[in-house]
Structures are given as structure tokens and as C-alpha cells.
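Report on the following structure.
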């Protein structure tokens with residue numbers, strides 16, 4: 001019952017079509033699990049003979065994931081997310097499942113991307129072992145081994161590796177894998193993630209289109225038609241006019257960009273102007289949202305190494321005939337609400353946009369009016385990142401407003417976050433002003449994410465930002481005496497030392513940095529989560545403005561070279 005109110009607020013933002021598809025999938029799953037006879041009928045349809053494999057199946061545009069597996073003392077050690085496990089062949093899959101502690105790990109082990117790192121014999125043996133051990137429609141099949149997202153990834157791994165390794169489809173050891181690819185695609189078209197949508201549906205589309213180029217025949221034609229229809233519909237919604245992916249996570253933006261590049265390859269010689277235009281816009285947004293270290297901004301969910309590196313994605317895009325994209329000195333991604341100023345290896349990025357699409361806020365954080373800062377190619381002010389998706393303290397911290405470089409009122413969150421991916425009440429964000437000049441920009445925005453508190457406080461922040469100097473002015477109107485604090489999370493290894501008259505020195509970075517403020521400054525030990533399963537100690541600076549309503553300001557200044 002305590003969750004009923006946020007649940008209803010979350011459902012109010014969910015599209016009826018999403019609810020319908022969730023109800024349909026849920027009913028189908030329950031029926032198939034409850035009725036072995038119906039499950040056998042469904043599996044018989046999946047097990048029809050595979051279509052013929054094309055004589056020239058497509059080659060993947062990206063290099064293989066070579067670091068995901070290595071042999072140590074005869075055992076294959078594989079990495080997925082932040083977890084490394086030893087696979088002893090033949091793999092005892094139930095025992096492996098019991099050894100994994102999080103739902104994400106139990107799902108990710110079934111992606112099988114690590115197969116790109118092994119030799120031909122191990123690829124065939126491990127893939128065939130998985131196929132023999134996992135039939136669809138077992139209890140809870142949709143959560144792990146036959147989760148549609150995992151199916152989408154695994155099917156493409158199998159098809160790409162068969163092509164890259166030039167394995168003969170008719171070979172007795174390879175033929176079961178070809179059959180498995182067809183089974184995966186048939187399963188997928190019956191279980192498309194039309195309830196979740198977003199980046200999950202892009203993964204589904206990629207698999208259908210790749211399968212349509214791997215196989216030939218009526219089924220392949222049907223997969224192609226379904227994939228193209230979904231692709232065009234999703235491009236119009238998911239790629240904003242400024243080129244940013246609508247879930248507003250730079251890391252997921254890079255992942256979706258990579259998936260769409262593979263869709264472009266799967267389409268072969270067929271021109272698709274709508275896809276080409278979307279890829280050009282996404283390439284520019286990716287360049288603008290990548291820090292000088294070559295890795296993405298961590299606004300909202302994601303990890304530094306979750307997706308292919310930006311440089312590799314942009315190189316593939318150019319090789320496929322896309323418009324070249326390089327980071328701009330001034331980037332104004334107005335639809336997403338991301339604004340950046342760059343000069344060589346210095347970059348400031350500010351967030352003045354909504355937390356995500358109303359019907360899909362799963363990867364949203366309480367980071368409205370937050371910012372990141374790199375100096376001399378190194379991160380100085382960092383977003384907290386994400387350690388895991390498992391419900392609990394670390395997941396809650398990652399999403400909380402207290403973890404971000406913005407203002408809290410009474411330590412409350414800007415949005416009503418609950419469970420791992422749910423959001424009830426959301427902030428209404430308004431950009432009041434944006435103007436460029438003097439090698440940077442002035443940006444002012446406001447939101448009402450604290451309106452549930454007494455006095456309905458509202459936060460307004462103004463940035464005067466240049467690559468080596470960030471001036472921040474905060475105003476909290478309304479409220480009823482709640483404490484107001486601005487926070488800055490420093491990159492690991494950086495320290496803060498007090499000087500005279502509100503002057504503080506940030507040391508340990510690429511060059512001396514000064515923090516100036518008239519407000520009281522405190523520090524606390526905190527964490528930075530640059531990737532899933534990776535946590536590093538970091539120092540969080542707290543600038544205490546006082547009791548609402550109130551105002552305050554601070555300046556971050558990097559010393560001249």
C-alpha cells in the first residue's frame with residue numbers, strides 16, 4: 001500500500017499501448033508456463049527448419065569484444081558488466097546462475113558477447129552447449145535466458161560469429177547454431193518489447209534486420225518488413241531533432257547509435273534517407289557529449305565503458321558514408337537540454353532538461369541543473385554514475401539528487417524515484433535563458449521538483465560557463481525554512497583545502513583549481529561509480545546556502561596554463 005500512490009502516478013504517464021502490450025505478454029507467459037501442451041505447440045512452431053543462410057551474410061562493422069574472455073589455468077574467465085566468472089566446460093548453467101548475485105548479472109551472462117573473444121572450437125562448443133541447455137517457456141523464462149533483450153543480443157552474436165569465422169552452415173556442428181538463430185528470431189517477433197520500448201526495442205529491431213540479411217526466403221522478408229516499419233517509427237520518436245537519444249543518457253545514446261549503425265549495415269545497399277539523417281544527427285550529439293578522455297558524459301544511467309567508444313562509433317559512421325562529426329566549441333542540444341563549451345581538452349557540460357521521456361523514465365536521475373567538468377583532458381567534477389541496477393542503497397543513491405552536482409532542499413529528490421526503474425512524480429523543467437558569448441554561454445533554468453515540500457520551493461540556477469571557468473548562481477524561492485545545499489562531486493584523487501575569505505583550493509588534478517564562495521563549505525566522503533560494479537572513493541563538496549527561501553553562488557576557476 002505505501003507504494004500505491006507512486007505506482008498510480010507512474011501508470012498515469014504510461015501509454016495505453018504499453019499497458020496493452022505488457023498485459024498481452026504477461027498473459028502469454030503465464031499460459032505457456034502453466035500449460036506444457038501449449039508450450040510444446042509454441043516450441044514446435046519455433047523449431048521449424050531454418051531458412052537458407054545467405055551466401056554472403058553481412059560482416060559486423062565493429063571490432064570484436066576481445067577482452068571479455070581469457071583462459072586462466074584451463075578455465076575460461078568471462079566478463080560481463082562488472083562481474084567476472086569462470087566457465088568450466090561443459091558449463092553447469094544452473095550452478096552458474098546460483099553463483100550470480102544480481103538480476104542484471106543473471107541476465108547479462110546470457111548475452112554471450114564474450115563468445116567474440118574465444119577460438120572457433122570454443123565458440124561452437126559454448127554456443128551449442130547453451131542452446132542444448134535452454135529451451136524457451138520454462139518458468140520465468142522472460143526474465144533471464146529467454147528475455148527478449150538477451151535474445152536480441154545473443155542472436156546477433158551467433159549470426160555475426162558464424163559469418164566472421166566463415167563457418168559452414170551445413171557443418172554438423174554449426175547447423176544446430178543456425179537452427180538456433182532462426183528459433184531466436186521467431187521467438188523475438190512474438191515477444192517484441194513493445195511494452196518497454198526505448199533502447200530495448202532498438203535492440204529488437206537490430207536483431208530482426210540482421211536476421212533478414214543473414215537468411216533468405218519468406219521468413220527473412222517478413223523480419224525485414226517488420227524491422228523496417230518499427231525502425232522508421234522509432235527513429236521519429238527516439239532520435240530528437242538535436243540528434244540526442246530521447247532517454248537522455250549519453251551512454252545509452254552511444255549504445256543506440258552503435259545499434260543503428262548495425263541496422264544500416266543490415267540494410268545493405270538499400271538507401272534509407274531517414275536512417276542516414278538520424279545517424280548524422282546522432283553522430284554530432286555523440287561528439288558533443290563525449291569528454292576529452294574519449295568517454296561519455298554520465299548524466300542519467302550508464303557507464304564509461306558500457307557502449308563502444310565514441311571514436312570507434314564515429315569512425316564506423318564515417319566509413320558507412322555518414323557526415324563527419326567533431327566536437328563543437330559550443331554545443332546547444334536544446335531538445336535534450338544539454339549545453340557544452342569546449343576548448344581543446346577542457347569541457348563543461350550542463351543539464352537543463354527534463355529527466356527523460358514521460359512514458360519511459362527508467363534511466364532517469366535527479367540531476368536537473370547539474371554539470372560535469374573536465375580540465376586538461378581529465379575529469380574534475382563528475383556525475384556519480386551507476387554501480388548497479390539491483391534495488392538497494394547504491395541504486396537509490398545513484399538516482400538521488402543528493403548524488404548530483406545540483407541543489408537539494410531538505411535533501412529531497414527532484415523526482416519520486418522508487419524500485420530500480422520507477423518514477424512517480426516528475427519535475428517540470430523550464431529553460432529561461434540561453435545565450436552564447438565570450439567562448440562560453442549563459443544558461444538559466446528552473447524546476448519545481450521540490451513542490452511537495454512545505455512552501456512549494458522552486459530552484460532556479462544560472463550558469464555563466466566557459467571551459468576553464470564556471471560561475472553558478474542559485475535561488476530557491478518559496479519553502480519553509482528547509483536546509484538548502486549545493487553539491488559538487490570531485491573526481492577520485494582530488495582534495496579540497498581551505499584558504500582565506502572564501503577561497504578554496506582543489507588539488508591533485510591536472511592544474512590548480514580554485515573554488516570561490518561566500519557560503520559555508522563542508523566535505524564528506526562519497527563514491528563515484530564510473531562503470532557497473534566499479535566504485536571509487538571520491539570527495540563531495542557541500543556548499544550550505546541556508547534556509548529556504550535563500551540564494552547562493554560559487555565559482556570554479558582553473559589556473560592559466
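The values are calculated or read from the model by the stated rules, or taken from the named source; none is laboratory data. The model shown is predicted, which means the values in this text are computed figures rather than measured ones. For neighbour counting, all protein chains shown are included, and Cβ atoms are generated from backbone atoms with ideal geometry for every residue, glycine included.
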Looking only at the range 371-407, filter to residues that are surrounded by fewer than 24 Cβ atoms within 10 Å (Cβ to Cβ) and touching a helix residue (DSSP H, G or I) at 6+ places or on another chain (Cβ under 7 Å); which one of those is nearest to residue 547 (Cα to Cα)? 397
Return yes or no: is residue 321 modelled with pLDDT of 95 or more and not assigned by TED's automatic domain parsing to the domain that holds residue 403? yes
Which residue is surrounded by the most Cβ atoms within 10 Å (Cβ to Cβ), if the candidates are limited to the range 485-506 and must be assigned to a loop (DSSP other than H, G, I, E, B) and without any contact (Cβ under 8 Å) to a residue 40 or more places away in the chain? 502
Looking only at helices (runs of 4 or more DSSP H) that lie completely in the range 109-194, which have at least 3 residues being modelled with pLDDT of 95 or more, in contact with a helix residue (DSSP H, G or I) (Cβ under 8 Å, 6 or more places away or on another chain) and closer than 19 Å to residue 32 by Cβ? 148-164, 175-190
Suppose we filter the range 353-372 for residues that are in a loop (DSSP other than H, G, I, E, B) and within 21 Å of residue 469 (Cα to Cα); how many remain? 4
If you take the residues of the range 203-242 that are out of contact with any strand residue (DSSP E or B) (no Cβ under 7 Å at 6 or more places or on another chain) and closer than 15 Å to residue 284 by Cα, which of them is surrounded by the fewest Cβ atoms within 10 Å (Cβ to Cβ)? 241
Is it the case that residue 526 is assigned by TED's automatic domain parsing to the domain that holds residue 446, touching a strand residue (DSSP E or B) at 6+ places or on another chain (Cβ under 8 Å), surrounded by 16 or more Cβ atoms within 10 Å (Cβ to Cβ) and in contact (Cβ under 8 Å) with a residue 24 or more places away in the chain? yes
Matching residues in the range 227-268 - criterion: being under 19 Å from the mean Cα position of the chain (by Cα) and not in a helix (DSSP H, G or I): 239, 240, 242, 243, 244, 245, 246, 247, 248, 249
Out of all the residues in the range 16-23, is one or more surrounded by 11 or more Cβ atoms within 10 Å (Cβ to Cβ) and not in a helix (DSSP H, G or I)? no
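Using the structure shown, decide if residue 325 is buried (at least 22 other Cβ atoms within 10 Å of the Cβ), in a loop (DSSP other than H, G, I, E, B) and touching a helix residue (DSSP H, G or I) at 6+ places or on another chain (Cβ under 9 Å). Steps first, please.
Values: buried (at least 22 other Cβ atoms within 10 Å of the Cβ): yes; in a loop (DSSP other than H, G, I, E, B): yes; touching a helix residue (DSSP H, G or I) at 6+ places or on another chain (Cβ under 9 Å): yes.
In short, yes.
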If you take the residues in the range 343-352 that are touching a residue at least 60 places away in the same chain (Cβ under 8 Å) and outside any loop (DSSP other than H, G, I, E, B), which one is surrounded by the fewest Cβ atoms within 10 Å (Cβ to Cβ)? 343
Unmet criterion (only one of (1) without any contact (Cβ under 8 Å) to a residue 40 or more places away in the chain; (2) assigned to a loop (DSSP other than H, G, I, E, B); (3) crowded, with 20+ Cβ neighbours inside 10 Å) for residue 105: (2)
Could you tell me whether residue 76 is in contact (Cβ under 8 Å) with a residue 12 or more places away in the chain, outside any loop (DSSP other than H, G, I, E, B) and touching a strand residue (DSSP E or B) at 6+ places or on another chain (Cβ under 6 Å)? yes
Which of (1) over 30 Å from residue 392 (Cβ atoms); (2) surrounded by 17 or more Cβ atoms within 10 Å (Cβ to Cβ) is the odd one out, the single condition residue 450 does not satisfy? (1)
Among the residues in the range 326-348, are any over 20 Å from the mean Cα position of the chain (by Cα) and modelled with pLDDT under 95? yes
Residues that are assigned to a loop (DSSP other than H, G, I, E, B), without any contact (Cβ under 8 Å) to a residue 24 or more places away in the chain and under 28 Å from the mean Cα position of the chain (by Cα), drawn from the range 79-100: 100
Among (1) part of a helix (DSSP H, G or I); (2) in contact (Cβ under 8 Å) with a residue 24 or more places away in the chain, there is one condition residue 221 misses while meeting the rest; what is its number? (2)
Among residues of the range 26-72 being free of Cβ contacts under 8 Å to residues at least 40 places away in the same chain and in contact with a strand residue (DSSP E or B) (Cβ under 9 Å, 6 or more places away or on another chain), the residue surrounded by the most Cβ atoms within 10 Å (Cβ to Cβ) is 71
